[in-house]
Amino acid sequence: MIWLALLLGMTPFEAGQDAFERGDHAQALVQWSLAVEAARESGDAAAEDRALMGVAATYRAMGDALAAGEVLDEVGGNTPALSVARGLVALDLADARKAEKLFAKAFSDAQAAGDVHTAVNASLDLGLARMARGDLVGADKAFRGTRTLGEALGDPGVQADAWTNLGLVARRKGLHGDARGALIRAVELFREAGDATGEADAKVNLALVLRELGRMAEAEDLLDAALDQARSRKDLLRQARILQDLGVLQLAAGEPARALASFRLAEDGYRKIGRTAEANGAALDAAALERDAAVYRALLETELSDADRATALLNLGTLTSDLEPLVEARGLAERYALHDVAWRADAAIGRIGLEDPDGDRQAAVATLRSAVDQLERSRRSLDDASSARFVGDHEDTYTLLIDALLVDGDSAGAFLYAEKLQLASLGAAPVQDSPALARYQALQDEQRWIVEKLSAAAPDSAQHQLLQEQLAQHHMAFASEVDDLRATYADFDQLVRVDPEDLEAVQKDLEPGVVVLQPLLLPDRLVLLVVKRDALKVHTVDVPAADVERTMSRLTRSLRAQMIDDTEWTASLCDQLGAWLIEPIAGELEGATTLVVSPTGSFQQLPFALLRRDGKWLVEDVAVASVTHVGSLRKRSATETGFHLAGEDLLLIGNPDGSLPAAEDEVRGIASDWPGSTLVVGALGGREELVQYTPDKTAVHLATHGVIDPDRPDQSFLVIGDADNGGRLSYREIPGLAPYLSDARLVVLSACESGLPVKAPEAEGTEVAMRINGLSAQFRRAGVETLVASMWKVDDEGTMRLMKGFYENLGEGDDVAEALRQSQVALISDDELGHPWFWASFVVMGDWR
């Protein structure tokens, strides 16, 4: 084979390098092995070590980390480059802690030796090891350090590598906007460096981020460009991987035929280079589209990774309603900690059991419970963007269980799982960051990473056995760490568990006049779950979910579009919704003072105050508030008192960018009734100036612009100064106000659409779309218990009068919900402001007491 290298005008080492970069690992292994032999014959130890490192890198690329480690044992000395190589092998073997130590040593040694190239590689790999351990903060720090090194060296390639990895960290954090920006910069720098391979890889990562943002056309363009680059370099492995990514994208975009073609091309590409397991994985992707049981049976006779085998069994059993492959898939999932397969298998087994008239219904319901409980554990480890899509993808499993519990007469169980569904729809993010939760999530990240490595390893290989032992050790360490966390942090269980509190305890904490309503839409009916201090009741309304959704959509869309000319038409929609949602619980509402709604799905966009019954608006009879979940109704302590406000506790901010004179009039009018309040009007410098006023304030009133970005909801913001010069308080920045709002019990956002949940448009038929629960929800994450916010763009005059009345009622001792109710009723009686568009936009969220 030396003649081939000579024919190409390259040494065997150079030929190995060329083959490796092209993805021809078999040829790379041959050429680098020849280079080792040549170096040994000539007695060139340094050349031998370089060639051995190439052989080891090739074994790693071929998935044989153990062989790579054995080759590295032959390398002489203890250089920084060798420490890096050994660290990469440790990563492949899922020993991230060992890898981190090796990379840290390599970085330190390389710096001491003035070996800048190795120091850069070690810094990058150190970040990767920290990512594998779930230490995103440490990874971010390492990658930023690498970027600084690249800037000092003037090396665009190093900078590009750093930006790529910073983008991956941001994506893991759910900061998709930041990830997109970092990866765009990486593409530019790789192009500047002339690194076509790096540019293609960055484009692939950028495409994945764009896919998660719902920008399918842009993502596909990038993958096509990356594919062209891989083809021009004849890199068969990259071509296959990009084709598989392209298939996933096309499937998400609602183009199954194109996705099937891409998966088939990926399968052929993998087979051409001998990557059998990966080829079968691509074939499995294709089989999921063809829904052909025979294809799954054929695949099960081939070489598959553990994860792919479990998935094939799961899909076969689900397709054929055959319990045998489902039970086998469940067993593999249990053995290899394949959580996604486990819950899907349980869901399918439970569904089949419920459909079997002779089956064990009790066992079927128990299996469905297991599926939902596993879903809950999986959901809590997702990033923001994935959590936002979670309930849409898996709501049917929750509702199947809830329906079964209702049929069995288990009202309490149905209510509890409806609460879990509610929390799933909100992402169930903790109100504030906690070191306990951060450590717990890091442990979960590391365990998932080990499982991924295990699934990719050949089933009978020594590497597979080693990874199995590694996973077993981690399970033990994980359990021990959780026990330590539970002992150290009193709030640990509340942070990692999102199960609603015991209903009896919630009921005991409810005042006699409080009625809690959780509406739940099942496909063929509406279920109303009602909790009072002395009762738990379930009402069923025979109305298709589609009819309820359609009526709510017509009403809320018309209000957001300011269609106020036909009051009777608006009232008729409110009458219909009231007939479905309020009339069935009229008995429970007799004598009630407050209706607390725990809404899910589309109900989150509906202000219940405007529902009608017997020709009256609901708010004329009862105050209305909403909560994120019923568990939040429990009192935190026996000494907790209601909400009381004094003038010196109130901060009023109006017209902070100078463009809303009506907002300035609004806060001046409120301030005139509250001597001692802090009034800030006119231009405000931005967040830095805002936080100077908030400490020690019990209530913060912000009268300004709310700007919702419908295409990128997480880019929405509140105006707190010159919007073009740092005067935007973005959706993602709001939770960072927590240290400055530690005394705040109430935040009033007198701003357009400040409480509106928003989901980005579905791109080209895809279900993948960014979703937020409103700007106001972010203040909950900042620790604020009570919020008043709007669901649509509001009228200046109506809002001014509503807010002035609201604060007057607070001053007279009313709770927040009752104070808003009385102010709304006052507007209802006004001939010019009586349409619900003027008064119903503002809602109370959280603890109204």
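Here are the numbers for the structure shown:
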{"quantity": "Length gained when the stretch Asp322-Glu797 is fully extended (0.36 nm per residue, less Cα-Cα span)", "calculated": "164.6 nm"}
{"quantity": "Surface per residue (accessible, 1.4 Å probe) for region 19-129, Å²", "calculated": "42 Å²"}
{"quantity": "Pairs from Lys616/Lys793; Lys272/Lys759; Lys203/Lys759; Lys420/Lys759; Lys697/Lys793; Lys537/Lys616 whose Cα-Cα separation, in the structure shown, is over 32 Å", "calculated": "Lys272/Lys759"}
{"quantity": "For q = 0.12, 0.17, 0.25 Å⁻¹, Debye-computed log10 I/I(0) when each Cα of region 1-107 counts as one equal scatterer", "calculated": "-0.40, -0.76, -1.29"}
{"quantity": "Environment charge of Thr570, counting only residues whose C-beta is closer than 12 Å and scoring Lys/Arg +1, Asp/Glu -1", "calculated": "-1"}
{"quantity": "Amide hydrogen neighbours beyond the local backbone of Asp795, cut-off 5 Å, H modeled", "calculated": "none"}
{"quantity": "Cβ charges +1 (Lys, Arg) and -1 (Asp, Glu), total dipole of region 10-122, debye", "calculated": "440 debye"}
{"quantity": "Residues of type aspartates and glutamates that Lys98 reaches as a straight line, Cα spacing below 15 Å, ignoring anything fewer than 8 places off in the same chain", "calculated": "Asp125, Asp135, Glu446"}
{"quantity": "P(r) tail fraction, region 225-309 - alpha-carbon pairs more than 19 Å apart, %", "calculated": "36 percent"}
{"quantity": "Accessible area per residue in Å² at 1.4 Å probe, computed on region 769-838", "calculated": "32 Å²"}
{"quantity": "Those GluC sites (Glu not before Pro) in region 294-358 that DSSP places in a loop and that have at most 14 other beta carbons within 10 Å", "calculated": "Glu301, Glu303"}
{"quantity": "Length gained when the stretch Ala61-Thr698 is fully extended (0.36 nm per residue, less Cα-Cα span)", "calculated": "223.4 nm"}
{"quantity": "Radius of gyration, Dmax [region 128-263; alpha carbons; angstrom]", "calculated": "15.2, 49"}
{"quantity": "Thr399, Thr302, ranked by accessible area, largest first (probe 1.4 Å)", "calculated": "Thr302, Thr399"}
{"quantity": "Accessible surface, region 242-318, averaged per residue in Å² (probe 1.4 Å)", "calculated": "40 Å²"}
{"quantity": "Per-residue SASA entry for Glu590, accessible area with 1.4 Å probe, Å² rounded to 10", "calculated": "140 Å²"}
{"quantity": "Gyration tensor (alpha-carbon) shape descriptor, region 265-358, a/c threshold 1.5", "calculated": "prolate"}
{"quantity": "Two-site FRET efficiency, Ala294 against Lys759, from Cβ-Cβ distance with R₀ of 30 Å, rounded to 0.05", "calculated": "0.15"}
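The values are calculated or read from the model by the stated rules, or taken from the named source; none is laboratory data. Note that this is a predicted model, so its numbers are computed, not measured. Backbone-built Cβ (ideal geometry, glycine too); neighbour counts: all protein chains shown. For accessibility, only protein heavy atoms count, side chains too; no ligands or nucleic acids. Shrake-Rupley method; radii C 1.70, N 1.55, O 1.52, S 1.80 Å.
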